[in-house]
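What follows is a single structure, written as structure tokens, with notes after it.
Just so it is clear, none of the values below were taken in a lab; they were calculated from the coordinates. Please read all numbers here as calculations on a predicted model, not as lab measurements. Note that we place each Cβ from the backbone using ideal geometry, even for glycine, and neighbour counts take in every protein chain shown.
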Amino acid sequence: MTTASSQQPEPGAKRPVLTNRQGHPVHDNQNQRTIGARGPATLENYQFLEKISHFDRERIPERVVHARGTTAFGYFEAYGAVGDQPASVFTRAKLFQEKGKRTDLAIRFSTVAGGRDSSEVARDPRGFAVKFYTEDGNWDLVGNNLGVFFIRDAIKFPDFIHSQKPDPVTFERQDPNRAFDFLSQSPEALHMVTLVFGPRGIPASYRTQQGFGVNTYKWVNAQGETKLIKYHWIPKQGVESYTAEDAANIQATDLGSHTRDLYQAIERGDYPEWELLVQMMDDHEHPELDFDPLDDTKVWPEEVFPLHAVGKMVLNRAPENFFAENEQIAFGTGVLVDGLDFSDDKMLVGRTFSYSDTQRYRVGPNYLQLPVNAAKAKVATNQRDGQMAYGVDLGEGQNPHVNYEPSILGGLREAEYPAHDEQGPEITGRLTRKRIPRTNDYKQAGERYLLSEQWERDDLVANLVDALSQCDRPIQERMVWHFLMAEDELGLRVGDGLGITPADVSHLEPLATQSLTEEELNRLANLG
Ligand code: HEM
């Protein structure tokens with residue numbers, strides 16, 4: 001990894017001259033201009049004022065979530081096929097079509113809750129955001145390393161994140177009591193809780209973790225036929241995690257171990273690789289399933305919806321400048337290319353608004369003109385001006401006077417519609433505010449526990465007991481109640497660690513926000 005000392009020029013080599021941003025040489029960078037050696041200073045002190053006022057503006061707001069992160073670059077190489085069929089059977093997206101076709105990409109790994117300089121070995125989901133610079137414009141796949149999420153409706157996201165961040169009065173620390181206060185009242189979070197508090201809650205490095213799109217997307221083929229899609233990234237490096245104890249030891253002296261590991265691997269030519277796989281479903285509601293295919297708190301069982309490899313990602317370059325390429329990179333779930341589409345997943349639609357909204361605030365309205373965000377495909381828009389406008393998106397041969405459309409004076413024209421632009425099932429319904437019918441919050445959480453090996457169960461229970469022991473008794477009781485609803489052994493063991501028996505929680509009613517399945521009602525009747 002390059003450092004200040006490893007990049008020193010040869011002794012005696014001529015060094016470049018310092019200038020200001022106006023190109024004026026700086027003759028004295030130690031002393032400001034003053035009247036006499038002891039001052040006072042003068043206000044026309046351009047060189048000093050420029051230097052200090054730029055410094056005053058060096059920071060931009062950190063991301064409201066995923067502030068701690070690391071970017072790398074590389075390429076995606078398509079297999080041209082999905083299983084034994086050509087990719088074109090399922091999607092017309094150009095990057096997937098030809099075997100061996102390469103598309104440049106950027107990836108940003110991150111933690112979620114901590115600030116910009118926080119520990120990289122925190123117990124937290126990891127962000128896994130990939131930007132493909134395709135010939136049809138950018139595609140961003142903004143996911144995580146665990147495959148599901150805590151909530152299923154975007155309207156809950158600000159509350160969820162507030163509960164994960166430090167107390168607004170004291171700002172003392174991230175507080176399990178606040179986090180579990182929210183989670184205990186949000187039963188849809190239980191599946192994700194079993195993942196975050198299990199061994200996969202602290203990956204050993206960014207290189208040794210999986211990635212997932214998490215939300216449900218669509219693929220569209222040339223005939224306008226659609227499939228529901230879930231994305232998976234599987235690391236060639238294998239999956240490795242840290243225990244809470246490993247992480248505590250590391251973060252006692254080192255907050256940036258994941259970034260260093262990634263950049264060192266790239267520098268020694270040990271380029272990390274992930275294979276991209278998809279699961280597919282026909283594009284409808286699937287009433288035969290006991291979960292909703294658009295619910296991001298659920299996984300799709302792989303024995304019913306098998307994984308198909310569609311390509312691989314190789315990372316071979318670290319950033320040249322952390323601020324330009326990591327702080328200013330901007331991903332969003334609305335950034336799709338022809339052949340890829342949204343589903344009606346209620347998280348996805350909220351996310352799609354939120355990302356570009358925050359980026360206009362965090363980076364500025366022209367964030368898409370920055371090199372790391374700019375499409376490599378030709379951009380020709382009638383968007384003009386705004387803070388920090390860097391260039392004009394003129395189309396080739398466009399009359400530069402015409403920054404509107406329609407026009408007969410040589411302005412931009414609309415592109416032809418892709419064939420079969422109308423696609424997907426027809427939907428009718430009343431406007432309403434309702435939770436989805438098939439919530440089924442406990443089943444996959446319980447199954448995940450039962451599928452875990454003994455050491456994984458032990459680790460999960462120990463981590464839950466440790467975090468919950470810092471919570472108020474009513475919060476502990478509600479969490480034990482949820483765990484018992486998911487799986488007896490899990491509930492009994494966590495309860496045991498906290499001194500709470502099933503009888504202690506059998507008086508608890510289901511939450512007002514919950515609708516229980518028949519199976520769950522039976523479990524409830526037998527609690528205690
Ligand atoms: C970052 C909103 C759910 C993955 C962000 C940011 C916002 C946001 C505002 C900061 C973006 C920036 O400053 O550039 C939301 C909302 C959600 C949601 C409103 C729910 C409705 C999720 C989910 C995932 C996820 C479910 C995982 C599948 C990420 C990642 C980043 C991020 C990876 C970091 C992107 C980067 O590295 O720059 N999110 N998010 N988010 N979010 Fe979400």
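Worth pointing out:
- Qualifying lysines (Cα of each under 22 Å from Cα of LYS218; at least 8 residues distant if same chain): LYS94, LYS99, LYS101, LYS131, LYS227, LYS230, LYS298, LYS312, LYS346
- Highest-first arrangement of 131-144, 246-259, where packing means the average Cβ count within 10 Å: 131-144, 246-259
- Stretch gain in nm, segment ALA309-ALA324, where the contour uses 0.36 nm per residue and the Cα spacing is subtracted: 2.1 nm
- Residue-count net charge about GLN470 - beta-carbon cut-off 11 Å; Lys, Arg +1, Asp, Glu -1: -1
- The alpha carbon centroids of the range 49-103 and the range 465-521 are separated by 41 Å.
- P(r) for the range 144-257, from all Cα pairs and a bin width of 5 Å, is 2, 10, 14, 17, 18, 17, 11, 5, 3, 2, 1, 0 %, short bins first.
- Spin-label zone in the range 239-264 - amide nitrogen under 11 Å from a point set 7 Å from the Cα of GLU453 along the C-beta vector: none
- When the chain is described by a simple charge dipole with +1 on each Lys and Arg Cβ and -1 on each Asp and Glu Cβ, the residue from GLY411, SER119, ASN399 located farthest towards its positive end is ASN399.
- Taking the chain and dividing mean pair separation by its residue count, relative contact order in percent (alpha carbons under 8 Å, at least six apart): 16 percent
- Comparing Cα centroids, the range 154-192 and the range 290-350 end up 24 angstrom apart.
- Counting every C-alpha pair in the chain, the share spaced more than 46 angstrom apart comes to 21%.
- Rounded to the nearest 500, the 222 nm mean residue ellipticity of the chain from helices alone is -7500 deg cm²/dmol, with -39,500 (n - 2.57) taken per DSSP H run of at least 4 residues.
- When the P(r) is computed for the range 357-428, the part past 22 Å accounts for 43% of the Cα-Cα pairs.
- Those residues of the range 441-461 whose amide nitrogen sits under 14 Å from the label point placed on LEU527, 7 Å along Cα→Cβ: 441-442
- In the chain, the longest principal axis of the Cα atoms and the axis of helix 454-468 are about 80 degrees apart.
- More than 18 angstrom apart: percent of Cα pairs within the range 22-102: 69 percent
- Cα centre as origin, Lys/Arg/Asp/Glu Cβ charges: the chain dipole, Debye: 2000 debye
- For the chain, the longest principal axis of the Cα atoms and the long axis of helix 488-498 meet at an angle of about 70 degrees.
- Rounded to the nearest angstrom and listed largest first, the equivalent-ellipsoid semi-axes of the range 77-133 from its Cα gyration tensor are 34, 12, 8.
- Applying both filters, DSSP loop and at most 12 other Cβ atoms within 10 Å, to the GluC sites (Glu not before Pro) of the range 325-396 gives GLU396.
- Most to least packed among 3-15, 57-69, 34-46 [average Cβ atoms within 10 Å]: 57-69, 34-46, 3-15
- Chain lengthening between ILE436 and THR253 when straightened (0.36 nm per residue, less Cα-Cα): 61.3 nm
- Annotation: extensible slack from GLU519 through GLN85 equals 152.3 nm (criterion: 0.36 nm per residue apart, minus Cα-Cα distance).
- Values of log10 I(q)/I(0) for the range 200-317 across q = 0.10, 0.11, 0.12 Å⁻¹ run -0.43, -0.51, -0.59, by the Debye formula with one identical scatterer at each alpha carbon and no solvent.
- Principal-axis tilt of helix 473-486 within the chain, Cα atoms, nearest 10 degrees: 70 degrees
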